[in-house]
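Here the structure is laid out as structure tokens; the discussion comes afterwards.
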Amino acid sequence: MIRIDDLGLFLRSAALGSFTAAAVEANLLPGQVAAAIKRLERELQVRLFTRTTRSLRLSAEGEQYLPTARGVLEQLALGQERLRGDNAPLRGTLQIAAPSDLGRNLLLPMLTEFRRQHPELTLRFLVSDQVTNLFRDPVDVALRYGWNADANYIALPLAPWNRRVLVASPDYVARHGAPASVDDLTRHPCLLYLQNGRLHDRWELGAHTVQVTGPLFSDDADVVRRWAVAGEGIAYKCWLDVYTEVQTQRLVVLLPEIPGDVYPLSFACPHRGQMSRAVTQLYQYLNQQFSALERQ
């Protein structure tokens, strides 16, 4: 008979790529995790992992079984929530992934306050500009920028009004002047963003597309924002990422008469079955917060 705890250790080992890391997280010995995986493999009569001395990765059968194991644990958790009732305190662990700049500078205080409202809930907050795989990575919710009409996951709107804007520091404008047109950006050092090996150096503003260059680029959007505040060049950033700096006049919006492209923020989950009470209440809370930002 398959043990529920073994399924949990299988998921964590797959996510972390290590029996040792999964053991540390579960306060177990690595040998106990390895034994749990062996029990599960015996029950299923397949090999779930390909092991070498330096790496641990899912086998083809392990990849196939992963969503089944996750679904079983999700349904058990959902059943427990239903037994407790709608007024019971939120419990368990909620894992949230978000882009770096948004996560550190806007979501962090929101999630801290949400956790204070639900003290029996554990939050794992994963901040990275690498796009989260909702079906493979150990997350319940991912906040995502941009459009994805072909998405095979649930995406609920948080900030459909969000746009990109051109920004620079007042010091930079004083030293170099402000661009008079979109084409004028080619004469300015632009701060570039790298994601998944792709350099975002073609900026779309209204009906205009311009190829920009600059001596600085990073795969961390928060670094790009910091460079802009430090006066190192012009950045093309989401309004949500820079509105605080604009309000405090650490950054100014350039060419405000030319709208940047719409870049909506969504609240993403793998499927409806993962919309637990904790996930639903987190969405409702964040939706209120972003609605307040829109009114500002």
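The values are calculated or read from the model by the stated rules, or taken from the named source; none is laboratory data. It should be emphasised that the depicted structure is a prediction, and the values quoted were computed from it without experimental measurement. As a convention, Cβ positions derive from the backbone with ideal geometry for all residues, glycine included, and neighbour counts pool all protein chains shown.
If we scan region 34-46, do we find a residue that is of a type in the set (V, I, T) and more than 28 Å from the chain's Cα centre (by Cα)?
Yes - at least one qualifying residue is present in region 34-46.
Does region 163-171 contain at least one residue that is over 22 Å from L106 (Cβ atoms), charged (D, E, K, R) and modelled with pLDDT of 95 or more?
Yes, region 163-171 contains a residue that is over 22 Å from L106 (Cβ atoms), charged (D, E, K, R) and modelled with pLDDT of 95 or more.
Residue-wise test of (1) surrounded by 16 or more Cβ atoms within 10 Å (Cβ to Cβ); (2) more than 27 Å from S276 (Cα to Cα); (3) without any contact (Cβ under 8 Å) to a residue 12 or more places away in the chain.
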| residue | (1), (2), (3) |
| --- | --- |
| D6 | yes, no, no |
| L9 | yes, no, no |
| G17 | no, no, no |
| L29 | no, yes, yes |
| V33 | yes, yes, no |
| F49 | yes, yes, no |
| Q64 | no, no, yes |
| L73 | no, no, no |
| L78 | no, no, no |
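Before we move on, is T213 over 22 Å from P99 (Cα atoms), out of contact with any Ser or Thr (no Cβ under 9 Å at 6 or more places or on another chain), not assigned by TED's automatic domain parsing to the domain that holds E294 and not in a helix (DSSP H, G or I)? Give the derivation first.
Values: over 22 Å from P99 (Cα atoms): yes; out of contact with any Ser or Thr (no Cβ under 9 Å at 6 or more places or on another chain): no; not assigned by TED's automatic domain parsing to the domain that holds E294: yes; not in a helix (DSSP H, G or I): yes.
Answer is no for this residue.
Out of A60, A22, A69, I need the residue that is surrounded by fewer than 18 Cβ atoms within 10 Å (Cβ to Cβ) and hydrophobic (A, V, I, L, M, F, W, C). Which one?
A60
Select from region 216-236 the residues that are part of a loop (DSSP other than H, G, I, E, B) and modelled with pLDDT of 95 or more and write down the one among them that is farthest from G177 (Cα to Cα).
So the first thing to find is which residues in region 216-236 are part of a loop (DSSP other than H, G, I, E, B), and the list is 219-220, 230-233.
Filter once more, keeping what is modelled with pLDDT of 95 or more: 230-233.
On the way: A230: 16, G231: 12, E232: 13, G233: 11 Å.
Looking at the filtered set, the residue picked out is A230.
Got at least one residue in region 239-260 being modelled with pLDDT under 90, part of a helix (DSSP H, G or I) and not assigned by TED's automatic domain parsing to the domain that holds A180?
no
Filter region 104-130 down to the residues that are in contact (Cβ under 8 Å) with a residue 12 or more places away in the chain and among the basic types (K, R), then identify the one that is nearest to D219 (Cα to Cα).
R104
Just checking: which of the helices (runs of 4 or more DSSP H) contained wholly in region 1-86 hold 3 or more residues that are aromatic (F, W, Y), more than 18 Å from D140 (Cα to Cα) and modelled with pLDDT of 90 or more?
Counting at least 3 such residues, we get no helices (runs of 4 or more DSSP H) at all.
Please enumerate the residues belonging to region 96-153 that are part of a loop (DSSP other than H, G, I, E, B), over 27 Å from G71 (Cβ atoms) and at pLDDT below 90.
Of everything in region 96-153, those that are part of a loop (DSSP other than H, G, I, E, B), over 27 Å from G71 (Cβ atoms) and at pLDDT below 90 turn out to be D129, G146, W147.
Inspect all residues belonging to region 188-209 and state whether any of them is more than 30 Å from A268 (Cβ to Cβ) and surrounded by 15 or more Cβ atoms within 10 Å (Cβ to Cβ).
Checked against the condition, which is being more than 30 Å from A268 (Cβ to Cβ) and surrounded by 15 or more Cβ atoms within 10 Å (Cβ to Cβ), region 188-209 yields at least one hit.
Evaluate the following for L90: is it more than 25 Å from the chain's Cα centre (by Cα), part of a loop (DSSP other than H, G, I, E, B) and surrounded by 14 or more Cβ atoms within 10 Å (Cβ to Cβ)?
Against the criterion (more than 25 Å from the chain's Cα centre (by Cα), part of a loop (DSSP other than H, G, I, E, B) and surrounded by 14 or more Cβ atoms within 10 Å (Cβ to Cβ)), L90 does not qualify.
What tally of residues in region 167-192 results from selecting those that are over 15 Å from T213 (Cα atoms) and basic (K, R)?
Summing the residues that are over 15 Å from T213 (Cα atoms) and basic (K, R) in region 167-192 gives 1.
When you go through (1) farther than 14 Å from L255 by Cβ; (2) surrounded by fewer than 15 Cβ atoms within 10 Å (Cβ to Cβ); (3) in contact with a Ser or Thr (Cβ under 9 Å, 6 or more places away or on another chain) one by one for A155, which number turns out not to apply?
So the condition that A155 fails would be (2).
Just wondering, is there one or more residues in region 33-53 that are of a type in the set (A, V, I, L, M) and more than 20 Å from I2 (Cα to Cα)?
So the first thing to find is which residues in region 33-53 are of a type in the set (A, V, I, L, M), and the list is 33-37, 40, 44, 46, 48.
Restricting the remaining residues to those that are more than 20 Å from I2 (Cα to Cα) gives none.
Checked region 33-53: no residue is of a type in the set (A, V, I, L, M) and more than 20 Å from I2 (Cα to Cα).
Name the single residue, out of those in region 213-271 being touching a Lys or Arg at 6+ places or on another chain (Cβ under 6 Å) and β-branched (V, I, T), that is surrounded by the fewest Cβ atoms within 10 Å (Cβ to Cβ).
Here the answer is V262.
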